[in-house]
Structure formats: C-alpha cells, structure tokens
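Here is the structure we will look at, set down as structure tokens.
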Ligand code: BES
Ligand code: ZN
C-alpha cells in the first residue's frame, strides 16, 4: 500500500510534465514523457505479471538481428525502470523467450528467474534490481525469441507477391508481443521505445516508430551476403502491444506531405491508388478531434496471410492486401486504423475489459471520418450495416447475455469478445450520445477527452466521470436521457438507442423482397450498386439456397468473379453453407492465400457445419493451409477443425 502511494506521486509529477510539454510546442526538444499508471480496481490487467506500482518500464531500447533462415530474432533489450522506494525486483512478461543474461547499467550480472508458464499468459520474468540504486535505473537483457514466437510470422517467398524473398511480420495485440520482446506487456504501462534492427540485403525493415535516416550497411560477409541496420524511434509513450515490425522486399511511395505506403513493388501501384484518400482522411480527423500528434502516417500493405484487416501500429498502419478492390470501396478500414491515432493510441484502455473504449470509439470516429470524406450516404449505409449486425447479434445471444455488455464483466474472458458488440454496439453508444447531446457539444467534449488524456491510459469509469463532470454537469434531465450506466454495464440495447436509418437501403431491400417473393434478380441494378449495398443484399439472402438458386445468383450477379473480397467472401460463405460443389475449388484457392481471420474462420465454420459434405473438405484443406496462417488465425480455426481426429 505504501509503495503504491509513493508511486502515485511519482506518476503525478510525470503527468504534470506531460501537460507542460504539450502546451508549449515551440520550447526545447520534447523530453520523453512518462505516462502515469492507473491504480483503480477497474484498471487492473489480469493478463500481465507486471506489478507496475512497484517497478515499471518507462523506455525500451531494442537491438536485434533478424535471422530468416533460423526464424529467429535475437539481441538485447535495454529497459529504463522507475521503481518505488524499497523495490527489490521488477516483473516482466515473457512467453517462450530464451534469456541468456541480464545486467545492470555497469554491466554487473543481475539474478533473474523465469517462472512457470500460465496458460494464456506466459511466464513471469522476475529480475533482482537492487534496493539501493536510485531512479531511473537501467537493465539490459540478452535474449532470443523462439522460432514459434506467436507474434511473429515468417513467410516463405511463395507467400509473397514477388515470390523470391522471405517476409517477416508481427502482430502484437492483444498479448503476443511478450513472445519477442521482454517488457511489461500491458496496455496501461506505456513506454517510449527505440530500436536498431539488422536484416539481410535486400530486405527493408519498417516499424511502428519513425525511421532514423538511411539504413547503415555493414561489410559483406565471407559468403558475399550483407546486412543493413535500420533505426527507429518512438519518443511518445505507447502501449507495448503497439510495437510492430515487418521486413521484406518492400518499397515506399509517397501519398502526401505526411503519408505514404510501403508494399512489395508488385503491389505498390495498386496500393497507392487504393490509398489516395489518406490525406483527406487525416485532415478530416484533425478537424474533428484535434492535431494528429504522431508526425507521419505511413502504411504497409502486407502479404495476404496477415491475420487482420488492419492494425493501428503508430506511424505505420499494417494492412491486409485483401482490402484492395480497385475502387476504394473498402477504405473505411483506413479511416478506422487512422482513427485509432486518437482512440486507442493516444488514449488507451488500461485493461482489456474496456475493449469498447478502443474499438467502439474508433468505429464511431471511423463513421465520422467517412461522412466527411465519402459523404453522408456511404457513411449512413456503413453505419446501418453495423447496426443491423448488432441487432442480429443481440437477438441471437439474448438481451440478457453477459457477452452483450460493453465493459466485460469479471467472469468473462475479455480476449474472447464478440466484435459486433465491442465495435458496433460501442459505436452505437457514441452515436446515441451524439444524438441526445447534440453534435457540436458532443464533438467538443470528445476532443477534450482526447486532449486531457493524451498518451495516458483510461477506463470506462474515467470516460463516464469525465462526461459527467465536463459535459452533463447538473443537468439531471440530460443525465437521465443518456442512460450511461445502462450502456456501459448493461446487456442488450438500452431503449434510448439512436437507431441507424432503417431505410438506408430502399432499393436493395425492395430487390431482396422481390427475390424472396419470386426469385427475381436484377443484374443491372446490382451492377450499379455500391459495395455497402451489395453487402446488404448478400447478408439478407435466405440462409438456405439450392444449387440451382446459387447457380442463378452467380450467373446473374457474377459473384464468383467479384474483385471485392468482402463480396467474394459472402458468396463463398453462402456456397459453402449450402454444400455447393462448384464453389469448392475457388474456396480452396482463396483459403490457400488469404489468412485474414475475419474471412478464414467463418469459411471453415461453414464447412464444419455439414458433416457429410464440408467436414472432409475442411480437414483436407486445413491440413494444407494451416502452416501458412498466423498463430492468431490458427488458434481460431484449431478449435473448429480438429486435425487429429
Ligand atoms: N486493433 C484492431 C485489430 C485487433 C483487435 C487486433 C483485437 C488484435 C486484437 C484493428 O483496429 C481493427 O479493428 N481491425 C479491423 C478493421 C475493421 C473494423 C475496419 C479488422 O482487422 O477487420
Ligand atoms: Zn480497431
């Protein structure tokens, strides 16, 4: 208790320093700022071994070598630590790290123990840091990550567009970075960081930090191979799940003054073309929520095995290539990842139980950015798709189901969430706030929320308290109209919900009514529809369709020829759930290259639902495709498809 109290005052001083640094941008070079640790019950993270009130990491310096042949990342991590008075040890998170040695700043060896593995959490790495030494203190860990480190995916050349060079990518969120970085892997323990990474020529390295000048070349080795060293710096404290790396045969193309895209040369034109709205999105987001504080906004378009659509790694959003449709119709994804530069990266949840605070708020921001950049119609339709999904999910789970809560209750695992609830119910909550409060007033408050908590962790409780203190005040009528606690802690949809426009798709819904009535299909109308409209149509199809009906759908709407992966996915899903033989080869081809879990998991699930037809297809296919998937996708599909039986 005493330790915690002492530490709280250290944190307070640090936070004051932060405010000073922000209010005078013209003053001397910005000092690395230390982000406070939250000590409330709601901020506790059950998925870390760290005890940050006793000793915490403030800065991390990596010096690592990438070995593609050995699938190994090895080198040193130097940690700056702030410890409470009397603290004797610091506890870090590890998951499979091989620790060679740990030393203090003078090079003296420090004792450490790697504790027993706890399923789903890894091992605590406890290091004796010596009571007498003052703050800050520094330790250096010499280590390597295991070849099977779950954050990392080592791709064979065949998995890339160029087909000639290997590729490395990482995915840290939620708790995977402890498989390759020895630090306190908890979102509430923000750290600034820097890195020196060496990679074999001709591969280039990118990270979620600012690249420091030209890479340094070393003299060629005896076998003629040579390596380059890339340096990166993130001078702002970030949640450690946001540290990310990718390396491959990649090139850069500028998009605007502060934005650009990395991709394999084969992909670069298509990527840059698809991303041409990026600067407009940054401008829109800044106008709504204040200055973009990260300097650059670059992106990398990865090979298709990347397990997510996008990941908001600061200054370097990671993207699946499957969002590229040729017509920029899936770029809500960019609005989303960019929005995390405020909701999530600037103001982070302290605990995974507040997932909505990151993803729900971000989905709302995405909608607001889309409205500015793409117009009200597209934004309204995308919102309606999300809202319909929430209604369907709640109907399926039941209104009282705990999983429909925004703040995850104690007895559920917050890493096993339903994304429709976290993202779309979360966004619906903010649309509801906007509706009852008024756009102007709500926007001003949300902007101040980001400003006041910049580079700090937050909780649901803080969000509600700030709203009450700075916006609602003693307006009892407004307070009653918002039903805040009902939204954050209750299940289902509160009755003050601001519903999305039920009539966002008049033409599509009329077409679907005609199809349901007499099988009428209008290929010409379909041809003129937007991606959102086509998705609405596909999602409204009857779940049972005969082979004849599927053949007519494909003939009339050219579904198997779709160049939009969102549409193609819905088509494959419809076919596989209805045992449609002609679709199997295309589904196999798709699943052999695409590792994006949002597509992969439901397609295997569809096959596994028909024991007589789909199960053998799924098993044979998964045995082939599993090695090419990232650990996250493997984990999701492993529970569906049991290859042992
Ligand atoms: N941060 C998420 C991805 C994520 C969530 C990774 C949880 C690990 C754990 C990212 O911002 C995201 O939401 N991506 C979506 C984009 C979509 C909602 C536009 C995706 O990948 O599909
Ligand atoms: Zn997100």
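Laboratory data are not the source of any read-out in this text; all were calculated from the coordinates shown. Bear in mind the structure is a predicted one, so any value in this text is a computation, not a measurement.
Laid out as a table, the results:
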item	result
C-alpha long axis of helix 376-397 to longest principal axis of the chain, angle in °	90 degrees
Percent of beta bridges antiparallel (DSSP, the chain, rounded to nearest 5)	80 percent
Cα pair distances exceeding 19 angstrom across the stretch 408-558, given as percent	66 percent
Tensor-based shape of the stretch 21-163 (alpha-carbon gyration tensor, a/c under 1.5 rounded, otherwise prolate or oblate)	prolate
Longest to shortest principal axis, alpha-carbon extents of the stretch 123-189, angstrom	55, 24, 20
P(r) histogram, all alpha-carbon pairs of the stretch 241-365 included - 10 Å bins from 0, percent	13, 48, 32, 7, 0
Globularity index of the stretch 163-222, i.e. its alpha-carbon radius of gyration over 2.2 N^0.38 Å	1.41
Angle in degrees between helix 584-593 and the longest Cα principal axis of the chain, rounded to the nearest 10	20 degrees
Crossing angle, helix 531-540 versus the chain [Cα axis fit, 0-90 degrees, rounded to tens]	70 degrees
Distance from the stretch 558-623 to the stretch 472-538 (C-alpha centre basis), Å	27 Å
Projected-area average for the stretch 135-275 over all orientations - Cα convex hull basis, square nanometres	10.8 nm²
Separation between Cα centres of the stretch 317-388 and the stretch 174-223, rounded to whole Å	27 Å
Largest-first principal axis extents of the Cα set of the chain (Å)	82, 73, 50
Expected-Rg normalisation [2.2 N^0.38 Å, Cα atoms] applied to the stretch 510-596	1.05
